[in-house]
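**Q** A single structure is presented below for examination.
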Amino acid sequence: MGGEICGEMGCGVLKRLSNSWRKMETAVNDAVSKSKVGKFFKLEARKTCFTKELRAGTATFLTMAYIITVNATIIADSGGTCSVSDCTAPANQTAPPDCMLKPNPGYENCVSKTKSDLVVATVLSAMVGSFAMGVLANLPLGLAPGMGPNAYLAYNLVGFHGSGSISYQTAMAVVLVEGCAFLAISALGVRAKLARLIPQPVRLACGAGIGLFIAFVGLQIHQGVGLVGPDPTTLVTVSACADIDPSSGTCLGGKMKSPTFWLAMVGFLMTCYGQMKQIKGSMIYGISFVTLVSWIRGTSFTVFPATPLGDTNYNYFKKVVDFHTIQSTAGAISFRHFNRSEVWVALGTLLYVDVLATTGTLYTMSEIGGFLDDKGSFEGEYLAYIVDASSTIVGSALGVSPVATYVESSAGIREGGRTGLTGVVIGLYFFLSLFLTPVLTSVPPWAIGPSLVMVGVMMMKVVKDIEWGNVKAAVPAFVTMLVMPLTYSIANGIIGGVGVYFALSLYDLMLGLLRWLNKMRKMVTKEQNQVSAAAPNGLEII
């Protein structure tokens with residue numbers, strides 16, 4: 001009896017609290033909708049409200065917040081502005097030229113500081129881009145440095161620890177010029193025409209090829225979970241070894257016995273289960289679990305080993321809250337080597353990927369949100385491209401790869417986000433992240449690796465649109481996807497796919513030319529016959 005009374009009283013209290021909350025929420029929504037802010041963002045016109053936009057911004061941020069640590073980790077693999085001069089050298093000796101590719105306390109400390117810079121640069125570029133998209137274009141979209149271009153910059157252009165063909169400073173100059181070119185293209189309205197220059201099968205395959213490339217990076221030893229390692233005979237093989245050569249990465253013993261690999265697999269399964277159940281922020285949960293476990297010192301999978309560098313990183317991590325100022329990556333731009341062919345290939349590749357990705361993402365998000373009109377355009381389209389291009393220019397000045405509109409924005413749109421207020425909320429969340437640099441820089445690569453693989457999975461969706469029954473479409477698409485991860489180059493994949501497509505098109509071109517020549521021959525013969533028939537008898541036509 002008493003239990004029933006208590007139960008009824010408890011239900012009554014909950015109902016009253018629920019009703020009070022609804023009334024308060026309605027009052028807040030009405031007040032914001034009728035305010036200058038509500039009218040500016042057109043909340044009533046787009047049939048939404050403040051709390052919906054707040055939930056939408058939160059959902060989008062949770063699904064794309066992984067980029068803060070993932071982007072910083074990927075670009076930091078290039079070494080940034082670190083050089084041989086940062087290496088620790090023996091007493092009275094100079095550091096060897098290959099010190100950047102081998103374990104070296106001085107160089108690793110420089111890379112660690114660069115990663116802190118890149119975390120802040122990633123957050124700032126995402127904050128500025130998302131806020132500008134919300135205020136200027138009034139669209140519920142989040143922006144951040146794009147996956148794909150960051151891997152291309154880190155592993156193809158600058159190379160792992162500066163082993164590539166151009167320097168980090170030159171790469172940032174390329175990003176700056178690419179952003180200016182994209183801005184000009186957007187302002188002139190020729191973006192769609194430029195996107196159509198690449199054959200459709202190659203365009204579709206690019207997303208999947210970049211996804212495979214990113215997943216391959218996430219599986220490697222230095223950048224990810226460590227499942228894939230080098231082999232002198234087969235080039236790559238199964239690794240996840242308990243003991244590896246720190247300089248070459250080859251397995252010294254204990255295959256599939258790496259503690260960090262198995263910890264990463266738990267995080268990967270957590271992310272997969274979250275995606276299966278459509279749990280928002282499932283990537284963040286997977287990364288967070290692996291990271292929290294890796295912060296435990298004295299274990300075989302700790303990110304803070306008992307070394308001078310480990311102690312330094314741990315002491316910085318203990319600050320938890322700290323505002324880090326960018327020291328090396330901001331303004332690191334150089335045009336000195338723009339006379340090299342690699343620079344112009346990189347510029348063309350980044351511009352193409354940026355135009356293609358931005359165009360596709362914006363139209364997809366607009367379709368999901370119901371923004372498209374009968375002509376296939378949407379309100380704020382022009383300014384959306386201007387904001388996207390301008391954000392890339394800001395990102396290059398801070399030291400990160402091209403900034404792009406994120407497909408994870410669909411999470412917020414599905415939550416009811418319909419205005420730029422969602423973008424403003426996303427920007428505010430990124431602003432709060434600025435004060436958590438010690439925590440964000442302490443995320444280990446084996447926590448990032450599973451999310452890179454999941455990004456690869458998501459980017460494979462486009463293969464369903466490729467005409468696999470048509471050889472002329474299937475072969476270039478397959479070459480594009482295959483060459484990117486196997487040659488470790490996004491540019492090589494695009495060039496290979498386009499080359500094969502035009503080679504296969506030669507047959508149609510030659511056949512069309514022969515048909516045209518035959519048609520012309522028949523026309524000439526017909527004209528000659530008509531002239532001969534009209535001539536007087538006995539008169540020879542010369």
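The values are calculated or read from the model by the stated rules, or taken from the named source; none is laboratory data. Because the structure is predicted, anything quoted here is derived from the model rather than measured. Don't worry about glycine lacking a Cβ; one is built from the backbone with ideal geometry, like all the others, and counts go over all protein chains shown. Surface areas here come from the heavy atoms of the whole protein model, side chains and all, with no ligands, DNA or RNA. Shrake-Rupley method; radii C 1.70, N 1.55, O 1.52, S 1.80 Å.
**Q** Name the residues in the stretch 95-154 that are charged (D, E, K, R) and in a helix (DSSP H, G or I), would you?
**A** Correct list: Asp98, Glu108, Lys113, Lys115, Asp117.
**Q** Hey, any hits in the stretch 1-23 for a residue that's assigned to a helix (DSSP H, G or I), surrounded by 12 or more Cβ atoms within 10 Å (Cβ to Cβ) and modelled with pLDDT under 90?
**A** No, because not a single residue in the stretch 1-23 is assigned to a helix (DSSP H, G or I), surrounded by 12 or more Cβ atoms within 10 Å (Cβ to Cβ) and modelled with pLDDT under 90.
**Q** Quick check, is Arg297 in contact (Cβ under 8 Å) with a residue 60 or more places away in the chain, touching a helix residue (DSSP H, G or I) at 6+ places or on another chain (Cβ under 8 Å) and either outside any helix (DSSP H, G or I) or open to solvent by less than 40 Å² (accessible area, probe 1.4 Å) (or both)?
**A** no
**Q** Anything in the stretch 498-513 that is among the hydrophobic types (A, V, I, L, M, F, W, C) and either assigned to a loop (DSSP other than H, G, I, E, B) or touching a helix residue (DSSP H, G or I) at 6+ places or on another chain (Cβ under 7 Å) (or both)? List them, or say none.
**A** Within the stretch 498-513, Val498, Val500, Leu504 meet the criteria.
**Q** Identify all residues within the stretch 325-353 that are among the hydroxyl-bearing types (Ser, Thr, Tyr) and without any contact (Cβ under 8 Å) to a residue 12 or more places away in the chain; write none if there are none.
**A** Ser341
**Q** Go through the stretch 352-375 and give me each residue that's of a type outside the set (Phe, Trp, Tyr) and open to solvent by less than 30 Å² (accessible area, probe 1.4 Å).
**A** Hits for the stretch 352-375 are Val353, Asp354, Val355, Thr358, Thr359, Thr361, Leu362, Met365, Ser366, Gly369.
The rows are residues; the columns are (1) assigned to a strand (DSSP E or B); (2) under 21 Å from Thr73 (Cβ atoms).
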site: Gly229; (1), (2): yes, yes
site: Gly249; (1), (2): no, yes
site: Met256; (1), (2): no, no
site: Trp262; (1), (2): no, yes
site: Tyr273; (1), (2): no, no
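**Q** Are any residues in the stretch 260-273 at pLDDT 90 or above and surrounded by 15 or more Cβ atoms within 10 Å (Cβ to Cβ), and if so, which ones?
**A** If the condition is that a residue be at pLDDT 90 or above and surrounded by 15 or more Cβ atoms within 10 Å (Cβ to Cβ), then Thr260, Phe261, Leu263, Ala264, Met265, Gly267, Phe268, Met270, Cys272 are the ones that fit.
**Q** Another one. Answer yes or no: is there a residue in the stretch 149-163 that is in contact with a Leu (Cβ under 6 Å, 6 or more places away or on another chain) and among the β-branched types (Val, Ile, Thr).
**A** Checking the stretch 149-163: not a single residue is in contact with a Leu (Cβ under 6 Å, 6 or more places away or on another chain) and among the β-branched types (Val, Ile, Thr).
**Q** Still on this model: Does the stretch 168-188 contain at least one residue that is more than 27 Å from Ser112 (Cβ to Cβ), part of a loop (DSSP other than H, G, I, E, B) and either out of contact with any strand residue (DSSP E or B) (no Cβ under 6 Å at 6 or more places or on another chain) or among the basic types (Lys, Arg) (or both)?
**A** Within the stretch 168-188 (the criterion being more than 27 Å from Ser112 (Cβ to Cβ), part of a loop (DSSP other than H, G, I, E, B) and either out of contact with any strand residue (DSSP E or B) (no Cβ under 6 Å at 6 or more places or on another chain) or among the basic types (Lys, Arg) (or both)), the answer is no, since none of the residues qualifies.
**Q** Let me confirm something: among Thr419, Thr349, Thr405, which residue is at pLDDT 85 or above, more than 21 Å from the chain's Cα centre (by Cα) and surrounded by 21 or more Cβ atoms within 10 Å (Cβ to Cβ)?
**A** Thr419
**Q** Also, I was wondering about something else. Let me confirm something: among Met147, Met127, which residue is closer than 30 Å to Arg46 by Cα and open to solvent by 10 Å² or more (accessible area, probe 1.4 Å)?
**A** Met127
**Q** Count, please, the residues in the stretch 361-380 that happen to be touching a residue at least 60 places away in the same chain (Cβ under 8 Å) and within 17 Å of the chain's Cα centre (by Cα).
**A** Result for the stretch 361-380: 2.
**Q** Okay, moving on. Restricting attention to the stretch 52-92, report how many residues are under 24 Å from the mean Cα position of the chain (by Cα), open to solvent by 20 Å² or more (accessible area, probe 1.4 Å) and closer than 17 Å to Leu141 by Cα.
**A** Counting residues in the stretch 52-92 that are under 24 Å from the mean Cα position of the chain (by Cα), open to solvent by 20 Å² or more (accessible area, probe 1.4 Å) and closer than 17 Å to Leu141 by Cα gives 5.
**Q** Now for a separate question. Please enumerate the residues belonging to the stretch 31-51 that are open to solvent by less than 80 Å² (accessible area, probe 1.4 Å), closer than 21 Å to Ile413 by Cα and part of a helix (DSSP H, G or I).
**A** Result: Val32, Ser33, Val37, Gly38, Phe41, Phe50, Thr51.
**Q** Here's something else I'd like to know. Does Leu356 fit the bill of being farther than 30 Å from Arg46 by Cα, of a type in the set (A, V, I, L, M) and in contact (Cβ under 8 Å) with a residue 12 or more places away in the chain?
**A** no
Yes/no per residue for (1) open to solvent by less than 60 Å² (accessible area, probe 1.4 Å); (2) at pLDDT 85 or above; (3) among the charged types (D, E, K, R):
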| site | (1), (2), (3) |
| --- | --- |
| Ala181 | yes, yes, no |
| Ala184 | yes, yes, no |
| Ala195 | yes, no, no |
| Gln200 | no, no, no |
| Ile210 | yes, no, no |
| Gln223 | yes, no, no |
| Asp231 | yes, no, yes |
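**Q** Taking helices (runs of 4 or more DSSP H) that do not extend beyond the stretch 380-497, which have at least 2 residues that are among the hydroxyl-bearing types (Ser, Thr, Tyr)?
**A** Counting at least 2 such residues, we get 381-398, 409-414, 420-433, 471-487.
**Q** Moving to a separate point now. What tally of residues in the stretch 364-379 results from selecting those that are out of contact with any Asp or Glu (no Cβ under 9 Å at 6 or more places or on another chain), in a helix (DSSP H, G or I) and of a type outside the set (Val, Ile, Thr)?
**A** Residues in the stretch 364-379 being out of contact with any Asp or Glu (no Cβ under 9 Å at 6 or more places or on another chain), in a helix (DSSP H, G or I) and of a type outside the set (Val, Ile, Thr): 3 in total.
**Q** Of all residues in the stretch 52-66 being among the hydrophobic types (A, V, I, L, M, F, W, C) and not in a loop (DSSP other than H, G, I, E, B), which is modelled with the highest pLDDT?
**A** Once the filter is applied, the top-ranked residue is Leu54.
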